[in-house]
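**Student:** Okay, here's the structure, questions in a sec.
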Amino acid sequence: MTGRKQTLALAESCTGGTIADRVTNVPGSSAIFLGGVVAYSNEVKQKFLDVRVETLKEHGAVSEAAAREMAEGARKKFGADFAIAVTGIAGPDGGTEDKPVGTVFIALTGAFGTVVERKLNCFWREKFKETTARQALEMLLSRLTQT
C-alpha cells in the first residue's frame, strides 16, 4: 500500500485493537495507517462510525449490516482509501443458535464497494482475536493483489 500511496482505517469491536497492533508492528506503517476506533459498545459504533440505531435493533451489533456500516463509517470519518471493520462474539458467553460463540463479520470497503465475510472462529479469546485479525488483513491483501 505504501507504494500505491493508499491509506487504511480500522473499526474494531471483538478484536479490541489487535488489527491496529499488527499493522503498527510493521515499520513504515505510519505512511498508510491513519487510525482506528475500538468500538466495543453500540453507543460508540453509533457516535463514531455512524452505525444506525435501526441497524443495531434489526440485525444486532454482530451482523453483516453492522460490519458494513462500521467499515463505511470508518472510511468516511478518516478519509481513507480502505477500511476494515470486525464485529463478533469472542465468548465464552454471548452466543445464540443463529450466532454462536466464534461468529465474526469482517468488512472491507474501498472504491470498489464493500464486501463482508462471515467466519466462525471457535477458539479461546486470544486465538479468536489473532485469527480474526489475520483474516481481516488477508482480505485486504487479497483485494490489493487484484488491482
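The values are calculated or read from the model by the stated rules, or taken from the named source; none is laboratory data. A quick note: this is a predicted structure, and the numbers were derived from the prediction, not measured. All Cβ positions, glycine included, derive from the backbone under ideal geometry; neighbour counts span all protein chains shown. The protein model used for the area step is the full one, side chains on, heavy atoms only, and it has no ligands, DNA or RNA in it. Shrake-Rupley method; radii C 1.70, N 1.55, O 1.52, S 1.80 Å.
**Student:** Compute the accessible area per residue over the chain, keeping the other protein chains in place, probe 1.4 Å, unit Å². Please report the intermediate quantities before stating the final value.
**Tutor:** Details: 7540 Å² over 147 residues.
Heavy-atom accessible area per residue stands at 51 Å².
**Student:** If the only charges are +1 at each Lys and Arg Cβ and -1 at each Asp and Glu Cβ, what is the size of the charge dipole of region 83-147 around the Cα centre, to the nearest 20 debye? Don't skip to the answer; put the middle values down first.
**Tutor:** Working: 8 positive and 7 negative charges, 31 e Å.
The dipole magnitude comes to about 160 debye.
**Student:** Share of region 24-127's accessible area from carbon and sulfur, percent, 1.4 Å? Intermediate values should be presented prior to the final figure.
**Tutor:** Details: 2920 of 5650 Å².
It is 52 percent, rounded to a whole number.
**Student:** Along the charge dipole of region 1-86, which of Val37, Thr24, Val86 sits closest to the positive end, that is, farthest toward it, with unit charges on the beta carbon of Lys, Arg, Asp and Glu (+1, +1, -1, -1)?
**Tutor:** Checked the options; the winner is Thr24.
**Student:** Still on this structure: Of the peptides 34-40, 61-67, 22-28, how do they stack up when ordered by the mean number of other Cβ atoms within 10 Å, highest first?
**Tutor:** Output ranking for 34-40, 61-67, 22-28: 61-67, 34-40, 22-28.
**Student:** For region 3-43 and region 45-86, compute the distance between their C-alpha centroids and round to whole Å.
**Tutor:** So the two Cα centres are separated by 15 Å.
**Student:** Charges only on Cβ, +1 for Lys and Arg, -1 for Asp and Glu: so what's the dipole of the chain about the Cα centre, in debye to the nearest 20?
**Tutor:** 420 debye
**Student:** Two-decimal Rg/Rh of region 1-83 from alpha-carbon positions, Kirkwood Rh? Each step should come with its number before you reach the end.
**Tutor:** Working: Rg = 13.1 Å, Rh = 13.0 Å.
Radius of gyration relative to Kirkwood radius: 1.01.
**Student:** With bins 10 Å wide starting at 0, give me the P(r) of region 44-114 over every alpha carbon pair, in whole percents.
**Tutor:** 22, 48, 25, 4
**Student:** About its Cα centre, how strong a charge dipole does region 3-83 have in debye, to the nearest 20, once Lys and Arg get +1 and Asp and Glu get -1 at the Cβ? It would help to have the intermediate numbers written out before the result.
**Tutor:** On the way: 11 positive and 10 negative charges, 56 e Å.
With Lys and Arg at +1 and Asp and Glu at -1, about 280 debye.
**Student:** For the Cα atoms of the chain, what angle does the longest principal axis make with the long axis of helix 125-146, in degrees from 0 to 90, nearest 10?
**Tutor:** 40 degrees
**Student:** Let me ask something additional. Taking the alpha carbon gyration tensor of the chain, what are the square roots of 5 times its eigenvalues, largest first, to the nearest whole Å?
**Tutor:** On the way: eigenvalues 109, 58, 35 Å².
Taking √(5λ) for each eigenvalue gives 23, 17, 13 Å, largest first.
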